[in-house]
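The values are calculated or read from the model by the stated rules, or taken from the named source; none is laboratory data. Quantities reported herein were computed from a predicted structural model and do not represent experimental measurements. Cβ: placed from backbone, ideal geometry, glycine included. Neighbour counts: every protein chain shown. These accessible areas exclude ligands, DNA and RNA; they are computed on the full protein's heavy atoms, side chains included. Shrake-Rupley method; radii C 1.70, N 1.55, O 1.52, S 1.80 Å.
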Amino acid sequence: WLRPTDALSAQAIAGTDGVDRPDGVGMYPFWSADSRFIGFIAGGKLKKVAVSGGPPQILCDAAGLGGTWNQDDVVLFDKGGSLYRVAAAGGVSTAVRAPDKSKHELLTWPSFLPDGRHFLYVAVSPEPGRTEVRVGSLDSDNDKSLFAGNSRVLYANPDHLLFVRDGTLMAQPFDARSLSLIGDVFPVAEDIAWDPVSGIAAFGVSSHGSLVYKSAISAATELTWFDRSGKRISIQPPAGNLLSPQVSPDQSRIAVEKRDGAATNIWLIDRLRGTSSRLTFDAG
């Protein structure tokens, strides 16, 4: 959907039906440097569509969370844990960065810096606290670690990096010429919608410095039992933001993900007693 910042009405972009939704959350569309096109992934293909109208065009095969598009019409995107590039006109994609397989890394969330040659990305590690934000270049392989974090990161003119930490949107002063952190991080907004596992974070910033973000919503759901005819039998307490229920083989207990703000943990529900208990105590 497309909405002018000075209007309340939004308009669906034709031809973008079926946008891929990895992790059940959603893939992030991204703009071309001249704001004439929007890039997105649907049906296992990286596509672009003109804001002025017309059918989408396929650029290449893809499967990932997002991409970035520089002023030289190079599109950088993640696929299979690696970073790839392709021309905005379409063609064969080529690998730009491969993860360190010995560390079981996954590379994701590329984002170009203003010069269009350097880019930010997130190197996801299965080890707690080892996921980090790095800066790399299309012209060399000498990547640099910036800080620990598992959120997508965007550059905001004139000299800040924006990212989410524990549900709070943070700003880190950054020198885009020396590729160095130059000050202390500070909060910008609280309760940002984000996913600590995939790094999806609902915010965006324009080249003019305008910021837009989506607040986190504490959704209330309930677990409901149905018989095989579709008739509702009962509601299983407790209520909350519950996801992905799994019934134990003997049907006596239910394991469920329960979200509380930015944290997600596993709870066990005892069907017979109607009680529940928290099983995990991890940030992830």
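Of note:
- Ranking by accessible area, most exposed first, for 118, 104 with a 1.4 Å probe: 104, 118
- Environment charge of residue 117, counting only residues whose C-beta is closer than 11 Å and scoring Lys/Arg +1, Asp/Glu -1: -3
- Alpha carbon convex hull of the range 71-143, projected area averaged over orientations, nm²: 5.0 nm²
- Cα-derived Rg to Rh of the chain, Kirkwood definition: 1.01
- Here the Karplus relation 6.51 cos²θ - 1.76 cosθ + 1.60, evaluated at θ = phi - 60°, turns the backbone of the range 67-72 into coupling constants of x, 8, 9, 9, 6, 9 Hz, with x for every Gly and Pro.
- Here the range 139-284 has 51 percent of its accessible surface on carbon and sulfur atoms, given a 1.4 Å probe and all protein chains in place.
- Rg and Dmax, both from the Cα atoms of the range 1-145 and both in Å, are 15.6, 50.
- Neighbourhood net charge (14 Å Cβ-Cβ; Lys/Arg +1, Asp/Glu -1) for residue 149: +1
- Over all pairs of different C-alpha atoms in the range 127-223, the reciprocal of the mean inverse distance, the Kirkwood hydrodynamic radius, equals 14.6 Å.
- Relative contact order, percent, the chain [alpha-carbon distance under 8 Å, six or more residues apart]: 7 percent
- Based on Cα contacts under 8 Å between residues 6+ apart, the range 131-208 shows a relative contact order of 24 percent.
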